[in-house]
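Structure first, then comments.
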Amino acid sequence: MERAPVRAPLIKNLELKVGLLLATTGVLALAFIVYVLYARGTFQPTQDLILLANNAEGVTIGMPLTFSGFPIGQVKRLDLTEDGRVRIHIAVPEKDARWLRTSSQFTLEKGLVGGARIRAFSAVLSDPPLPDGAERELITGDATEDIPVIMARVKAILSNVEAMTAADSSINRALAHVDTVTGRMTGDYGVLEGVLGGPDKARKVVEALDRANTLLTSLNGISLRVDQTLAKADQRVFGSGGVMDQTDRSLAQVNAILTEVRESLKRADAILLAAQGAADNVNAITADVKGATTDLTILRVEVDDSIRKVNHLINEINRKWPFRRDVELKLP
Amino acid sequence: MHTALRFLTRIGGGALGWLQAWGRLLTFGARALVETFTPAVYNSATRSVVLKQIYFTAWQILPGFLLFAALLSYVIIQIVVTTARDFGLSEFALEVSVRVVVLETLPLLTVLFVALRSGAAINTEVALMNINNEIRALEDVGVDPMRFEFTPRVIGGAISVYALTLLSCILALILAYIAVYGFQPWSLSDFSRVIAKIFTPTAFLTLTVKSLLFGLAVTLIPIRAGLEAPRMLFFAPIAVLRGMVRLFFVIMFIEVASLALVYM
């Protein structure tokens, strides 16, 4: 122990240095304790909020209650009620209590990663503030609860997709057919070949169309000719010097002839009257018979001549009027 | 048969010796603790030893140690923060890094640092004092070495380890704030919330007790190992070796026990 006094003077300000170290340590330790107490909300007046849940799985003491992502409270205690529900006691600092209103909703959410979260939603901030010690229902929503259901559905969808993508699936076959059809469409006859199923059939259709075109062209010529024929017929029948004209003229001649015939018949009547008068006095007449019979012969010749003319005329009309039986002109 | 008996005897003897050594260590520790809380111990002589012990153990290494602790803490915090961000877990980065660095790494680092430096020195000094019969000489003149030589060192060591741990931890907290939020004061409420979540009374108590136990172990075990050395000069290195290995195991035991207490 004799070394201690020897070494002591070698250390300058030993007591000051150690005192400084100890004082710094002490002050820092105290400051840290005060800071932790402050951080834990020891110096903040709080109000109680009690949330009732059926299942408090994932809820731990010290867990924050968040509002719009900001922690405004902390879980202080958990206990079970008589009917097996969970009472979650949350301490909300009074300065943050204004975010909680009577209409606020509280949810417990469990994500895939990280702990559960208790969140508060206040839609109407003008509602009266939540009183101290209020009890509210905690709505639980668990993302992991849906996973089995989702997995089952995904499996069903995947098996469908598998069936659809299998080598002999109908979709694959349909696609193969589409491929065949579009392949054909790239051929010489394009879409026609695709639709009809081969270049031969498409060629036939094209040929048929060509032939139809030719046919239409010739029909066009025919109809032109028919038109010309009809025009000519028209000309011949109804034009000047046509059949109708000649007929008209013939009819006029017939009229003239008939007038002549009538006059001849009148003269015959007169002759017959004279003959009637003569018959009364045969004797008187016998002298005139010679002259009378001569007249009769002449008359008869004249009548014959007239009748022959009429006959001839009618024959001529018959010859010149070919459609005598069918008066109507039937168009094709 | 004879060989087997001899083997068993050797095993038994070894185990007994081992147990006796630990028993003596515990007895010694208990005595030191009793002395610590005996007001009569504190006089000018013991105070001088305590001050010197604190000076050599804490003050001398303070700048280098704090620099090293700051560097290591910052690197660890940055690794945790970056990794957490990559995995989309930024909100847990601060908590994880503070738990890893402040609650576990820095206390252990401090005690290992002090053990390698001061623990080894105390062990050697006591072993040499023992070999040179200085301790017996003290006892012969009526000076209790326990009271005037060992207890002040234990007190000084414990205070030093506690002070170093606390200073490095607070430095690490400041660095953690800067690493996570940057140089701005507006995230202090977020930071406070995380700190409040981590430093529960249990965690705080565990950290303090662990730190004090580390401080006790880092002086008690080397002193005891030095005293146990046979009074021959060539046993001094063996005494130091035994003391340091025993100290290492005790430190690890305290660390694991504290982890088990907090996380199980």
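Just so you know, all these numbers are worked out from the coordinates, no wet-lab data involved. Remember, predicted model here, so these are calculated numbers, not experimental data. Methodologically, a virtual Cβ is constructed for each residue, glycine included, from the backbone with ideal geometry; neighbour enumeration extends over all protein chains shown.
Ordering A:30, A:65, A:116 by the projection of their Cα atoms onto the charge dipole of chain A, which places +1 on the Cβ of Lys and Arg and -1 on the Cβ of Asp and Glu, puts A:30 at the extreme positive end.
Quick check on chain A: helices-only [θ] at 222 nm, where DSSP H runs of length 4 and up contribute -39,500 (n - 2.57) each and the sum goes over total residues. Nearest 500, please.
On the way: 8 runs with 190 residues, N = 332.
It lands at -20000 deg cm²/dmol.
Here chain B is treated with +1 on each Lys and Arg Cβ and -1 on each Asp and Glu Cβ, and its dipole about the Cα centre works out to around 480 debye. Using the Cβ-Cβ distance between residue A:238 and residue A:280 with R0 = 41 Å, the FRET efficiency computed as 1/(1 + (r/R0)^6) comes to roughly 0.10. The length gained by stretching the chain between residue A:248 and residue A:191 to full extension, at 0.36 nm per residue less their Cα-Cα distance, is 13.8 nm. Backbone geometry of the stretch B:22-30 corresponds, through the Karplus equation with coefficients 6.51, -1.76 and 1.60 at θ = phi - 60°, to 3J(HN,Hα) couplings of 5, x, 4, 4, 5, 4, 4, x, 4 Hz, x marking Gly and Pro.
The distance between label points at residue B:19 and residue B:143 comes to 3.8 nm (points 7 Å beyond Cα on the Cα→Cβ vector).
For residue A:201 and residue A:162, compute 0.36 nm times the residue count separating them, minus their Cα-Cα distance, and round to one decimal in nm.
Values: separation 39, 0.36 × 39 = 14.04 nm, distance 3.84 nm.
Working it through step by step, the gained length comes to 10.2 nm.
Given their separation in residues at 0.36 nm each and the Cα-Cα distance between them, residue A:134 and residue A:44 gain 30.5 nm when the chain is fully extended. The amide H of residue A:76, built 1.01 Å from its N in the peptide plane, has A:62, A:89, A:90, A:91 as neighbours under 5 Å, considering only residues 5 or more places off or on other chains.
Classification of the stretch B:1-146 by its C-alpha gyration tensor yields an oblate form. The axis ratio a/c (a ≥ b ≥ c) is 1.5 or more, and b/c is at least a/b.
I want to verify the translational diffusion coefficient of chain B in µm²/s; compute it with Stokes-Einstein, Rh as the Kirkwood radius over Cα pairs, at 10 °C and 1.306 mPa s. Could the numbers behind the result be given before it?
On the way: Rh = 20.4 Å.
The Stokes-Einstein estimate is 78 µm²/s.
Do any of A:12/B:52; A:232/A:309; A:266/A:320 go past 21 Å between their Cα atoms, and which?
Numbers: A:12/B:52 11 Å; A:232/A:309 33 Å; A:266/A:320 31 Å.
Going by Cα-Cα distance, A:232/A:309; A:266/A:320 fall outside the 21 Å limit.
Normalised radius of gyration (Cα atoms, divided by 2.2 N^0.38 Å) for the stretch A:118-241: 2.90.
Based on Cα contacts under 8 Å between residues 6+ apart, chain B shows a relative contact order of 29 percent. As a length-normalised measure over Cα pairs under 8 Å and 6 or more apart, the relative contact order of the stretch A:149-257 settles at 8 percent.
222 nm [θ] for chain B, helices only, -39500 (n - 2.57) per DSSP H run of 4+, per residue, to 500?
Details: 11 runs with 207 residues, N = 264.
Using -39500 (n - 2.57) per qualifying helix, the result is -26500 deg cm²/dmol.
Using only side-chain charges placed at the Cβ, +1 for Lys and Arg and -1 for Asp and Glu, the dipole size of the stretch A:185-311 relative to its Cα centre rounds to 220 debye.
Note on residue A:314 and residue B:5: the model spin-label points, each 7 Å out from Cα along the C-beta direction, lie 18.2 nm apart. Normalised by the number of residues in chain A, the average gap of Cα pairs under 8 Å and 6 or more apart makes the relative contact order 9 percent.
When the dipole is taken about the Cα centre of chain A, and only Lys, Arg (+1) and Asp, Glu (-1) are charged at their Cβ, what size is it in debye, to the nearest 20?
Values: 40 positive and 41 negative charges, 244 e Å.
So the magnitude is around 1180 debye.
Identify, among B:128, B:229, B:181, the residue whose Cα sits farthest towards the positive end of the charge dipole of the stretch B:123-264, taking +1 on the Cβ of Lys and Arg and -1 on the Cβ of Asp and Glu, with the dipole about the Cα centre. Looking along the dipole axis, the top candidate is B:181.
Inter-chain Cβ neighbour count for A:12-22, averaged per residue, equals 5 (cutoff 10 Å, partner chain atoms only).
Note on chain A: with a GNM built from Cα contacts shorter than 10 Å, the maximum mean-square fluctuation among A:176, A:208, A:268 falls on A:268. Expressed as a fraction of 2.2 N^0.38 Å, the C-alpha radius of gyration for the protein assembly as shown is 2.69. Each label point was placed 7 Å from the Cα along the Cα-to-Cβ direction; for residue A:211 and residue A:10 their separation is 12.9 nm. FRET efficiency for the pair residue B:202 and residue B:91, taken as 1/(1 + (r/R0)^6) with r the Cβ-Cβ distance and R0 = 22 Å, rounds to 0.45. For residue B:183 and residue A:78, what does the FRET efficiency come to when R0 = 30 Å and r is the distance between their Cβ atoms, rounded to the nearest 0.05? Efficiency at R0 = 30 Å is approximately 0.15.
Taking neighbour Cβ counts within 10 Å as the exposure measure, how do A:272, A:196 sort from fewest upward?
Lowest count first: A:272, A:196.
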